[in-house]
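> Got a structure here, written out as structure tokens. Questions coming.
The values are calculated or read from the model by the stated rules, or taken from the named source; none is laboratory data. These numbers come from a predicted model, not from an experiment. Don't worry about glycine lacking a Cβ; one is built from the backbone with ideal geometry, like all the others, and counts go over all protein chains shown.
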There are 2 protein chains.
Amino acid sequence: MDLWEQLSEAQKREVHRQLDIIRRGAADIIPEETLIQKITSSVLTGKPLKVKLGLDPSAPDVHVGHTVVLHKLRQFQDLGHEVQLIIGDFTGRIGDPTGKSETRKQLSEEDVKRNAASYKKQLYKILDPEKTKFHFNSTWLQKMNFEQVLLLAGKATVARMLERDDFAKRYGTNHPIHLHEFFYPLMQGYDSVALESDIELGGTDQTFNILMGRTLQHAYGFEHGQAAILMPILEGLDGTQKMSKSLGNYIGIDDSPNEMFGKTMSVSDELMLKYYELTTALPNDELLQLKEGLAKGKIHPRDAKIRLAKEYVCMYHGKEAAELAEQHFSAVFRNRSFPEHIDEFRISPNLMEDGCIQVCKLLVTLGFASSNSEARRSVVQGAVKLNGARISDPYVRIELHSGDIMQSGKRKFAKIVISEGGMDTY
Amino acid sequence: MDLWEQLSEAQKREVHRQLDIIRRGAADIIPEETLIQKITSSVLTGKPLKVKLGLDPSAPDVHVGHTVVLHKLRQFQDLGHEVQLIIGDFTGRIGDPTGKSETRKQLSEEDVKRNAASYKKQLYKILDPEKTKFHFNSTWLQKMNFEQVLLLAGKATVARMLERDDFAKRYGTNHPIHLHEFFYPLMQGYDSVALESDIELGGTDQTFNILMGRTLQHAYGFEHGQAAILMPILEGLDGTQKMSKSLGNYIGIDDSPNEMFGKTMSVSDELMLKYYELTTALPNDELLQLKEGLAKGKIHPRDAKIRLAKEYVCMYHGKEAAELAEQHFSAVFRNRSFPEHIDEFRISPNLMEDGCIQVCKLLVTLGFASSNSEARRSVVQGAVKLNGARISDPYVRIELHSGDIMQSGKRKFAKIVISEGGMDTY
């Protein structure tokens, strides 16, 4: 590579340093040569790269699963590059023209603005606002006329579109694909043309759409199309399914400190390491030490989990909140005389309202009481405790979180798991 | 059908009369019930139907092949209905966005206007200007924004598009279909939405596109989508291939009277009857008489052809021109002492310039002379005649048409067929 020859030794080391950081945790980089070329060129010229991430305008509740790409973006920022966040408001405002699918709801302009504000508030907990630019893709897409849309459509072929996994599957099984659906990847790809993105980040499920951006950039005359950096999909608390709000297996970055701490403590040891790698800013060498310590038994998994939980609370609520959450956790879960093993009970969110449940209803559901009147008696007698704290009002609605310990009398204990059906492990 | 019950007896007869005329020569009517419903409703309310035909903005040279649909439109006008002619200028100005295909050239606004004027001049030879409205589809299409285009695209599925013959074939053989190509049927179909067409006419090769118009009308909330009236594709003078300018097997409606007459006289007996049925205004009963007369030998095919030729010339150049053309033809072909059978010689248009050829070059090409000097001698000796008229200047460039008789001396005769290669019969 010609560029490479023009680098000083220090610059070459800088390229290697950047590549090492960028590669951490990435599932795939396509094509790797383009990433190298882009980084090399940036180091040589001192010009920051433009690193793009598309955001779903309809879902501003950010959880730890989303932060996998956000942490990667933050790494780019720490390396001096610039982040382009695209709110797909054009797509979002249009919704699904056929009206047949429930998956995309039509958003009003106000919805979009409110969601964007919510995104900023949450994302700036990880990203550097100085190196972040928000864009609405309606800015360029809504101005396009039929002629320009046809020009865009002419850049892609039907066969290529039908290679996308979900399209291929639906076409193969005679499930209708409506023509406008082909425009979602085209619109996302065109965003990269409009913003001249150098790199686009996404989960591995975004591979097709991100490579479409590269294709379109070439079709619109770019010499070097963008590189795709594809991050793994993070499993949720259950350890099997993708973390998502609808499955309830998530840690939200707006969760309260105690909730966040408790949820983190509930993950498996293996998942904990993946969470460390993909969703914290822990440097590579410290991550390695941690892995070794755990493998050799020098570090207790519980302590590592406490550290992870504190990292999260610190990141999203600050240092003080992290200390308090740890103290709360210790007070509730370690200093109380709970039995060594407590059975888990799954409580469906359907039983709750706004995260709360009537205490007697809970006791009956858990089988701690055979009737509401028996449950009320237990409460009145002072036998019922939530996380060790006595409940005295039999009509109170209590806020319940996964990991909470519910107790009735001396022998009845239950560790609460708030979850839809269909999950086997927790 | 409720509507039917509301008709008087006279109105019922009128519906039958209209249907009989409309059905003449049609290859298919889809769906027939819709046509009946539309006609019935029109007869009941006295409201004319809107009958649509799309025109290719790039090809304003109208030939007899095109007049199949034009005569059908004229029948509708004579029945009191209105014709909508759509010049697809939006499609035409856009051309082929990929730039890979040569089939669609980008047209300037001036091209489109000039072509439209040319269309009017030619089409009003058949259509009633009072009952004809010209429309440019850019009027509504060019105003559409991305959102509206997506709405349109959402009305069709990929699978449905891939059912169209040419798309199916290309997809099946891994030839690329660019996405914008799917918009051609959608645009044509949307024209029917914009103009609220009741009926659309076209050749059988337009079946998919016309039915797309019906689908889109339903998708945009029309109670009764348009009916498709599909006319047969007319074979050219060769009797096998579709009549087209590029194949040279056509009778142009701007051809000179003598050329038109001569070309018509050259068609086969079978084709002549098809031309009568599809491209003249001859009433059904007269057509039947003609067929019977020919079948029983009461009418000589040559006389029937002369009548057809006169019909054409009369239609496109007036009654007087028709009489003159017949006289010219008789003078040349019947009153001269030509042999009973004259061999045909095919002359490629490539040998000609502006329809003309140097006389000696022609003689050599026909094999009537072995060299230019021998050809010159024949001319100077007065042996060379075109349609019986002596040629005396050996350097003259003569205008040549299909059907012309070239003669050298007493025994050398040739009937000229101007044609590209690739045609076996004439």
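> Report whether or not residue B:345 is within 32 Å of the chain's Cα centre (by Cα), aromatic (Phe, Trp, Tyr) and in a helix (DSSP H, G or I).
no
> Taking residue A:264 as meeting all but one of (1) in contact with a Phe, Trp or Tyr (Cβ under 8 Å, 6 or more places away or on another chain); (2) over 22 Å from residue A:123 (Cβ atoms); (3) assigned by TED's automatic domain parsing to the domain that holds residue A:310, write down the number of the exception.
Answer for residue A:264: the failing condition is (2).
> Which of the residues spanning the stretch A:32-60 are β-branched (Val, Ile, Thr) and buried (at least 18 other Cβ atoms within 10 Å of the Cβ)?
Of everything in the stretch A:32-60, those that are β-branched (Val, Ile, Thr) and buried (at least 18 other Cβ atoms within 10 Å of the Cβ) turn out to be A:34, A:36, A:39, A:40, A:43, A:51.
> On to the next question. Is it the case that residue A:126 is closer than 18 Å to residue A:86 by Cα, in a loop (DSSP other than H, G, I, E, B) and away from chain B (no Cβ under 14 Å)?
Here the answer is yes, as residue A:126 does meet what is asked.
> Let me ask something additional. Does residue B:374 count as at pLDDT below 90 and out of contact with any His (no Cβ under 9 Å at 6 or more places or on another chain)?
No; evaluated as a whole, the condition is false for this residue.
> Pick from the stretch B:10-31 the residues that are within 23 Å of residue B:285 (Cβ to Cβ) and either hydrophobic (A, V, I, L, M, F, W, C) or not assigned by TED's automatic domain parsing to the domain that holds residue B:225 (or both): which of them is surrounded by the most Cβ atoms within 10 Å (Cβ to Cβ)?
Result: B:22.
> For the stretch B:1-21, give me the residue count where each residue is aliphatic (A, V, I, L, M) and modelled with pLDDT under 95.
4
> Okay, next question. Give the residues of the stretch A:136-185 that are in a helix (DSSP H, G or I), of a type in the set (D, E, K, R) and more than 30 Å from the chain's Cα centre (by Cα), sorted by residue number.
Listed by number, the list holds a single entry, A:147.
> For the stretch B:130-151, name all the residues that are within 8 Å of chain A (Cβ to nearest Cβ) and in contact with a Leu (Cβ under 8 Å, 6 or more places away or on another chain).
Matches in the stretch B:130-151: B:144, B:146.
> Shifting gears a bit: Of all the residues that make up the stretch A:359-406, how many are of a type outside the set (A, V, I, L, M, F, W, C), over 31 Å from the mean Cα position of the chain (by Cα) and more than 22 Å from residue A:342 (Cα to Cα)?
Residues in the stretch A:359-406 being of a type outside the set (A, V, I, L, M, F, W, C), over 31 Å from the mean Cα position of the chain (by Cα) and more than 22 Å from residue A:342 (Cα to Cα): 11 in total.
> Quick one: in the stretch A:336-381, of everything that is under 25 Å from residue A:249 (Cβ atoms) and among the hydroxyl-bearing types (Ser, Thr, Tyr), which residue is surrounded by the fewest Cβ atoms within 10 Å (Cβ to Cβ)?
Checked the stretch A:336-381; the qualifying residue surrounded by the fewest Cβ atoms within 10 Å (Cβ to Cβ) is A:348.
> Take the residues in the stretch A:168-181 that are out of contact with any Phe, Trp or Tyr (no Cβ under 8 Å at 6 or more places or on another chain) and facing chain B (nearest Cβ under 8 Å); name whichever of them is nearest to residue A:214 (Cα to Cα).
The selected residue is A:180.
> Within the stretch A:280-288, is even one residue closer than 18 Å to residue A:236 by Cα and either of a type in the set (Val, Ile, Thr) or in contact (Cβ under 8 Å) with a residue 40 or more places away in the chain (or both)?
Yes: one or more hits.
> Does the stretch B:197-204 contain at least one residue that is of a type in the set (Val, Ile, Thr) and crowded, with 22+ Cβ neighbours inside 10 Å?
Among the residues of the stretch B:197-204, at least one is of a type in the set (Val, Ile, Thr) and crowded, with 22+ Cβ neighbours inside 10 Å, which makes the answer yes.
> Let me ask another. Suppose the filter is under 29 Å from residue A:252 (Cβ atoms), surrounded by fewer than 18 Cβ atoms within 10 Å (Cβ to Cβ) and touching a Ser or Thr at 6+ places or on another chain (Cβ under 9 Å); does residue A:240 pass it?
Spelling it out, residue A:240 is indeed under 29 Å from residue A:252 (Cβ atoms), surrounded by fewer than 18 Cβ atoms within 10 Å (Cβ to Cβ) and touching a Ser or Thr at 6+ places or on another chain (Cβ under 9 Å).
> Now for a separate question. Picking from B:113, B:131, B:169, which residue would you name as being touching a residue at least 24 places away in the same chain (Cβ under 8 Å) and surrounded by fewer than 21 Cβ atoms within 10 Å (Cβ to Cβ)?
B:131
> Among the residues of the stretch A:195-207, is there at least one that is closer than 29 Å to residue B:155 by Cα, touching a Lys or Arg at 6+ places or on another chain (Cβ under 7 Å) and either of a type in the set (A, V, I, L, M, F, W, C) or within 13 Å of chain B (Cβ to nearest Cβ) (or both)?
Among the residues of the stretch A:195-207, not one is closer than 29 Å to residue B:155 by Cα, touching a Lys or Arg at 6+ places or on another chain (Cβ under 7 Å) and either of a type in the set (A, V, I, L, M, F, W, C) or within 13 Å of chain B (Cβ to nearest Cβ) (or both), which makes the answer no.
> Here's a follow-up. Looking at the stretch A:208-230 only, could you name the residues that are within 24 Å of the chain's Cα centre (by Cα) and farther than 16 Å from residue A:56 by Cα?
Answer for the stretch A:208-230, where residues must be within 24 Å of the chain's Cα centre (by Cα) and farther than 16 Å from residue A:56 by Cα: A:208, A:211, A:212, A:213, A:226, A:227, A:228, A:229, A:230.
> With the structure loaded, tell me whether residue A:162 is within 8 Å of another protein chain (Cβ to nearest Cβ), at pLDDT 90 or above, under 25 Å from residue A:53 (Cα atoms) and surrounded by fewer than 19 Cβ atoms within 10 Å (Cβ to Cβ) or whether it fails that test.
Criteria met by residue A:162.
> Let me ask something else. May I ask you to list the residues in the stretch A:127-185 that are within 16 Å of residue B:182 (Cβ to Cβ) and among the aliphatic types (A, V, I, L, M)?
If the condition is that a residue be within 16 Å of residue B:182 (Cβ to Cβ) and among the aliphatic types (A, V, I, L, M), then A:149, A:150, A:151, A:152, A:153, A:156, A:158, A:159, A:161, A:162, A:177, A:179 are the ones that fit.
> If only one of B:244, B:197 is assigned to a loop (DSSP other than H, G, I, E, B), outside the structural domain of residue B:47 (by TED's automatic domain parsing), among the hydroxyl-bearing types (Ser, Thr, Tyr) and on the phi < 0 side of the Ramachandran plot, which one is it?
Criteria check complete, one pass: B:244.
> Further question on the same structure: Wholly within the stretch A:6-81, which helices (runs of 4 or more DSSP H) include no fewer than the required count, namely at least 1 residues that are under 22 Å from the mean Cα position of the chain (by Cα)?
It comes to A:9-23, A:67-78.
> Is there any pair linking a residue in the stretch A:217-236 that is at positive phi to one that is of a type outside the set (A, V, I, L, M, F, W, C), with Cβ under 7 Å and at least six apart or on different chains, and which?
The qualifying pairs do not exist here.
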